[in-house]
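Data first, discussion second: the structure below is written as structure tokens.
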Amino acid sequence: MRLRIPKFFRRPHPVPAPDPDTRSYTVDPTHPGSQTGSDTVHLHPSASANPIDASPDSSPLRPTTDTRLGDSRFRVLVVGKSGVGKSSLINAVFGVNLARTSDDHATRHDIDQELASDDNQRLILHDSQGFVGGDIKNLQTVQDFIKRKSAERELKDRLHAIWLCCEIPVAGGRVFERGDETLLQDDTNQVPIIVVFTKYDQLVIRKKGDLARTLGKNEVEWERRAQETAMDAVRIRCERPLNSIGGHRHTWAVVSTTTEYRDTIEKLIDLTKNSIVGVLTDLEGWLFAFAQRHSLGTKISTSIDVGRRQYWHYMFSGYLTGHRLDECVRVIHDDIANGWNFNDPDHQCLKSTEFRALMTHLVTDLASDRPDPPNFLNTAINVAGPAAAIIGALPYSAPIVVPVAITVVLASWVYGMYRRTPKILRYLMGYVIDMIIVMSCLFALVESRGLGRRLDSRGLDRISPAMVSLVLKEYSRRKGSVHEQVKSYVNETTFPALQPNRAIGQISELVKAEQYKELHAAVILAASRALDDEDTWMTADML
Ligand SMILES: Nc1nc2c(ncn2[C@@H]2O[C@H](COP(=O)(O)OP(=O)(O)OP(=O)(O)O)[C@@H](O)[C@H]2O)c(=O)[nH]1
Ligand SMILES: [Mg+2]
């Protein structure tokens, strides 16, 4: 029997609570644009038909990811005999070094022990050493644990998925132990089990050896045939027994943690997310998507999913009327940053005033829907002037924390109220797109440096101001065509017919990862040459 929980979008929207962090924003309340606009807001009829939560009132906005997930972590139980490759798999998917999560081998196999890592704030792991022969005792422990953890009421305490890891029998033989079979047959279990057949590369090597004699020296054909026969063997040795035991109830994947088989990890991630969302709720699916650090596609699609549920819809529909633009930008920014879940302790980098400010400057060319004047890049933003002017203009009682050393301030367009106008929609749409592209570049950069998986020689395994600055610099040089598309999508002519769902569809098109392969490569190349002072931010005039 499967657990049925209503889908997330059917739940009522809780009243947003004040965000204590709002104080840390650098905002000029005396700016002329901060007067409430009197424009009538035109809601398109299609807006009300969307599965979004109720419109917000004038309480402070809070990121959807905070209100829905809080500090919940994705909780996964990994079961498998010693040496099948559990730790290697966890490292590959979640970008954590398990060796550092617990020093004690014995504790690592205590199923109740929560293995959490400072590297990845969205993951809790439970490790069980699987079943050898007819070992009933450990089976009972695992079953009790699953029962207990799936009955937890709170999202943060529940068990969200089980990976049952079994090594592919390369030379034939049984793939499952008796204990595995009992677990797979248990139809009272309410947590999705994904069966993971490990070390696929070893099977392919074996098949290549078998084929060597018949195929001569055609490398490509040799590899293709070896993979084909390896998958045939998996179907016979693994899938067939699984289906006869579990009656087609369980999904399965083959994986290899070696670099040539990166796509197997990608497929496992897709499969796990689909299994979770199919059995539990979208929230558990989000948690998994946030915790994983392997699949760029999953990161992007989940950013879109989160945005679509609330604030992106609000921004295109006019529901943000009554809110300051800096507040709108803040929640949009935080939702995206939360979903990418980089190793950025206390969000020091990705939620810093400096990064937010640079992001607002990145979209200033969207003020007009005409092409940029040729000298645009030369109209450098002098950060010292506006910073001093704004701080000087603050009323004495303004509840604003001024950073000790301001290097950048928000671009001036943010010092106004939200109104549903073509210009403001261009700014916000551009911000969303740019933010996701910047995140995707950081993702590619982190992966290329092996960050999040181990410390490099300089002890760096986290996002740094220099990395973000480098990405911003590379992207700002190439943002032209993306911004032109935003301009042609939202302008005075297209505005009357603009529909939230279609506009979000357009964002999805513009952030598709394949379009940015060259940008990612440029970022990686630039980083290989210069990332000396990791803690220095660029200034807006360098964009
Ligand atoms: N060829 C190959 N070797 C792998 C793969 N995954 C893991 N290994 C190797 O298998 C060995 C065991 O891997 P671990 O990840 O430590 O296995 P484990 O299941 O965590 O083992 P315990 O912690 O003892 O329970 C290591 O030498 C890994 O390098 C794989 O996909 N292919
Ligand atoms: Mg291990």
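Some values worked out for this structure:
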read-out: Residue match in the stretch 60-69 (condition: modelled with pLDDT of 90 or more, of a type in the set (Val, Ile, Thr) and more than 21 Å from the chain's Cα centre (by Cα)); value: no
read-out: Residue ID - nearest to ligand 2 (Cβ to nearest atom), chosen from residues in the stretch 61-88 that are in contact with an Asp or Glu (Cβ under 9 Å, 6 or more places away or on another chain) and in a strand (DSSP E or B); value: 78
read-out: Check on residue 116, modelled with pLDDT under 85 and among the small types (Gly, Ala, Ser); value: no
read-out: Selected residue (criterion: nearest to ligand 2 (Cβ to nearest atom)) from residues of the stretch 167-192 that are surrounded by fewer than 23 Cβ atoms within 10 Å (Cβ to Cβ) and not in a loop (DSSP other than H, G, I, E, B); value: 167
read-out: Some residue of the stretch 120-138 being within 35 Å of the chain's Cα centre (by Cα), more than 30 Å from residue 72 (Cβ to Cβ), assigned to a loop (DSSP other than H, G, I, E, B) and within 16 Å of ligand 1 (Cβ to nearest atom); value: no
read-out: Helices (runs of 4 or more DSSP H) wholly inside the stretch 465-543 containing at least 1 residues that are closer than 24 Å to residue 426 by Cβ and of a type in the set (Lys, Arg); value: 465-478, 480-489, 500-510
read-out: Among residues of the stretch 255-274, those that are hydroxyl-bearing (Ser, Thr, Tyr) and buried (at least 20 other Cβ atoms within 10 Å of the Cβ), counted; value: 4
read-out: Filtered residue count, the stretch 70-100, keeping only those that are of a type in the set (Gly, Ala, Ser), under 17 Å from the mean Cα position of the chain (by Cα) and either on the phi < 0 side of the Ramachandran plot or within 10 Å of ligand 1 (Cβ to nearest atom) (or both); value: 2
read-out: Given (1) among the aliphatic types (A, V, I, L, M); (2) outside any helix (DSSP H, G or I); (3) more than 30 Å from residue 189 (Cβ to Cβ), index of the condition residue 205 fails; value: (2)
read-out: Residues (of a type in the set (D, E, K, R) and modelled with pLDDT under 95) located in the stretch 341-353; value: 344, 346
read-out: Inter-residue pairs, beta-carbon under 7 Å, first basic (Lys, Arg) and in the stretch 74-91, second more than 6 Å from ligand 1 (Cβ to nearest atom) and part of a loop (DSSP other than H, G, I, E, B), 6+ apart; value: 75/158; 75/159; 75/160; 81/130; 81/132
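The rows are residues; the columns are (1) outside any loop (DSSP other than H, G, I, E, B); (2) within 16 Å of residue 191 (Cα to Cα); (3) in contact with a strand residue (DSSP E or B) (Cβ under 7 Å, 6 or more places away or on another chain); (4) modelled with pLDDT of 95 or more.
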residue	(1), (2), (3), (4)
234	yes, no, yes, yes
239	yes, no, yes, yes
248	no, yes, no, no
268	yes, no, yes, yes
274	yes, yes, no, no
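The values are calculated or read from the model by the stated rules, or taken from the named source; none is laboratory data. On a predicted model such as this, the values are computed, not experimentally measured, just so you know. Here Cβ is always computed from backbone atoms with ideal geometry, including for glycine, and neighbour counts include all displayed protein chains.
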